[in-house]
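This report concerns only the one structure given below.
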Amino acid sequence: MDKGQPQAQRRFVYGGQAVIEGVMIRGRDHYSLAVRKLNGEITTVSSRLSTLYTGRLRSIPLVRGVIVLLETLIIGIQALSRSANIALEEEGQELSGWSMAIMLTISLTLGIGLFFIAPLFAIRSLDSMIESDALSNLLEGILRLAVFLAYILLIGLLPDIKRVFAYHGAEHMTVHAQEHELPLEVENVRRFPTAHNRCGTAFLLVVMVVAIAVFTFIGRPSLPVSVASRIVLVPVIAAISYEIIRFSGAHATNPLVKFIVYPSLALQSLTTRKPDDAQIEVAIRAMEHAIAVDQGIELPSDSQDADSEGMEASESEAEEDEPAPS
């Protein structure tokens with residue numbers, strides 16, 4: 001496509017995430033949420049995105065990876081909270097700014113602590129047995145990946161998470177159908193796999209691999225410096241990982257890229273489930289709603305449009321070949 005083509009006419013790459021009894025799809029300037037309520041009805045809502053997530057910074061290599069990380073975390077918390085309220089028919093309850101900040105801080109602390117700090121301490125306890133800095137960092141990376149896989153396996157045993165994983169599969173399948181420009185109908189969506197190159201699970205796997213390379217580069221400094229590096233370098237690792245995911249999504253048909261991303265696609269068998277038709281219907285509604293908002297089409301009567309300065313997958317961009325994790 002001609003790079004000189006107006007922004008509005010460029011191909012837009014949609015992405016999203018699974019939420020409680022629903023799916024979120026990220027549009028150009030809004031996100032759309034479709035949730036099935038206890039009475040079986042599907043409610044759709046949308047909120048405007050902060051300009052931080054849609055402005056020029058989003059097009060700067062490496063910088064955009066950090067912005068996507070922030071967007072994914074904040075959107076994820078908001079969408080999950082909002083979907084839970086809708087599913088339980090408690091739509092009037094919204095997270096306050098302080099509540100959002102506290103939940104974001106807790107999420108980051110637990111994530112960095114579990115996947116970065118804990119493996120570091122575990123391997124450093126074996127320092128007397130490991131003479132090579134490179135080997136130490138490699139073993140730390142392997143342990144980090146093992147913890148990550150164990151975490152996914154364990155939460156996947158929970159019934160509620162299994163349903164979220166099914167909606168995750170429905171979201172991926174619907175994105176596939178939209179990308180192939182097929183009518184968004186259940187039978188068309190059913191034709192596609194539950195795995196997708198731009199999945200957030202794939203992004204996290206790339207983060208684990210990139211982290212090994214980054215931490216090997218800085219060697220094995222003192223424990224306090226190593227701990228600080230595991231915290232400070234998270235945005236750098238996320239930025240590099242995002243560029244890799246973006247490249248793989250834009251060249252998904254390349255045989256070499258297919259070979260490289262195969263582990264990421266295989267890993268999604270743990271974070272997705274085959275959805276039922278009702279779950280696919282919800283994903284379709286979310287996608288249709290996002291497209292309608294982008295096109296300025298009047299929204300259905302069960303929808304509302306609210307501004308949101310804080311609003312994963314999360315996750316798409318207004319460029320012809322600029323995918324993001326979903």
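Among (1) under 26 Å from Asp127 (Cα atoms); (2) in contact with a His (Cβ under 9 Å, 6 or more places away or on another chain), where does His172 come up short?
Failed condition: (1).
Taking segment 150-209 as the search range and keeping residues that are crowded, with 20+ Cβ neighbours inside 10 Å and among the charged types (D, E, K, R), which one is nearest to Leu108 (Cα to Cα)?
Restricting to residues being crowded, with 20+ Cβ neighbours inside 10 Å and among the charged types (D, E, K, R), the top hit is Arg198.
Could you grab me the full set of residues in segment 224-275 that are polar (S, T, N, Q), in a loop (DSSP other than H, G, I, E, B) and in contact with a helix residue (DSSP H, G or I) (Cβ under 9 Å, 6 or more places away or on another chain)?
Of all residues in segment 224-275, those polar (S, T, N, Q) come to 226, 229, 241, 248, 253-254, 264, 268-269, 271-272.
Of the ones still in play, those that are also in a loop (DSSP other than H, G, I, E, B) are 253-254, 268-269, 271-272.
Of everything in segment 224-275, those that are polar (S, T, N, Q), in a loop (DSSP other than H, G, I, E, B) and in contact with a helix residue (DSSP H, G or I) (Cβ under 9 Å, 6 or more places away or on another chain) turn out to be Asn254, Gln268, Thr271, Thr272.
In the list Ala278, Ala202, which residue meets the criterion of being in contact with a Ser or Thr (Cβ under 7 Å, 6 or more places away or on another chain), part of a helix (DSSP H, G or I) and under 20 Å from Met24 (Cα atoms)? Give the derivation first.
On the way: Ala278 fails: in contact with a Ser or Thr (Cβ under 7 Å, 6 or more places away or on another chain).
Going through Ala278, Ala202 in turn, just one is in contact with a Ser or Thr (Cβ under 7 Å, 6 or more places away or on another chain), part of a helix (DSSP H, G or I) and under 20 Å from Met24 (Cα atoms): Ala202.
If the Cβ limit is 9 Å and pairs must be 6+ apart or interchain, which residue in segment 261-285 that is closer than 15 Å to Glu21 by Cα pairs with which residue that is of a type in the set (Asp, Glu)?
Matching pairs, first to second residue: Thr272/Glu171; Pro275/Glu171; Gln279/Glu21; Val282/Glu21; Ala283/Glu171; Ile284/Glu185.
Select from segment 214-223 the residues that are in a helix (DSSP H, G or I) and among the hydrophobic types (A, V, I, L, M, F, W, C) and write down the one among them that is farthest from Ser264 (Cα to Cα).
Residue satisfying both the conditions and the ranking: Leu223.
Can you pull out every residue in segment 31-40 that is surrounded by fewer than 23 Cβ atoms within 10 Å (Cβ to Cβ) and assigned to a strand (DSSP E or B)? Break it down into steps so the answer makes sense when it comes.
At the first step, the residues of segment 31-40 found to be surrounded by fewer than 23 Cβ atoms within 10 Å (Cβ to Cβ) are 36-40.
Scanning segment 31-40 gives a single hit, Arg36.
Whether any residue in segment 93-102 is modelled with pLDDT under 85, of a type outside the set (Lys, Arg), surrounded by 13 or more Cβ atoms within 10 Å (Cβ to Cβ) and touching a helix residue (DSSP H, G or I) at 6+ places or on another chain (Cβ under 6 Å) is what I want to check.
Yes, the conditions are met somewhere in segment 93-102.
Run down Arg191, Arg198 and say which single residue is among the charged types (D, E, K, R), modelled with pLDDT of 95 or more and either farther than 21 Å from Gly65 by Cβ or within 23 Å of the chain's Cα centre (by Cα) (or both). Steps first, answer last, please.
Values: Arg198 fails: modelled with pLDDT of 95 or more.
Arg191 is the lone residue from the list that is among the charged types (D, E, K, R), modelled with pLDDT of 95 or more and either farther than 21 Å from Gly65 by Cβ or within 23 Å of the chain's Cα centre (by Cα) (or both).
Residues checked against (1) within 30 Å of Ala228 (Cα to Cα); (2) of a type outside the set (D, E, K, R); (3) more than 21 Å from the chain's Cα centre (by Cα):
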site: Gly113; (1), (2), (3): yes, yes, no
site: Ile142; (1), (2), (3): yes, yes, yes
site: Lys162; (1), (2), (3): no, no, no
site: His172; (1), (2), (3): no, yes, no
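Identify, please: which residue in segment 41-92 is polar (S, T, N, Q) and not in a helix (DSSP H, G or I) and is, among those, surrounded by the most Cβ atoms within 10 Å (Cβ to Cβ)? Steps first, answer last, please.
To start, the set of residues in segment 41-92 that are polar (S, T, N, Q) comprises 43-44, 46-47, 50-51, 54, 59, 72, 78, 81, 83, 85.
Pick out the ones that are also not in a helix (DSSP H, G or I) and you get 43-44, 46-47, 50.
On the way: Thr43: 21, Thr44: 24, Ser46: 26, Ser47: 23, Ser50: 18.
Among residues in segment 41-92 that are polar (S, T, N, Q) and not in a helix (DSSP H, G or I), the one surrounded by the most Cβ atoms within 10 Å (Cβ to Cβ) is Ser46.
Just to be sure before I move on: is Ala134 part of a helix (DSSP H, G or I), loosely packed, with under 15 Cβ neighbours inside 10 Å and touching a helix residue (DSSP H, G or I) at 6+ places or on another chain (Cβ under 6 Å) in the structure I sent?
Numbers: part of a helix (DSSP H, G or I): yes; loosely packed, with under 15 Cβ neighbours inside 10 Å: yes; touching a helix residue (DSSP H, G or I) at 6+ places or on another chain (Cβ under 6 Å): yes.
Taking the combined requirement at face value, the residue satisfies it.
The values are calculated or read from the model by the stated rules, or taken from the named source; none is laboratory data. Not measured: the values here are computed from a predicted model. In this analysis, Cβ positions are derived from the backbone assuming ideal geometry, glycine residues included, and neighbour counts consider all displayed protein chains.
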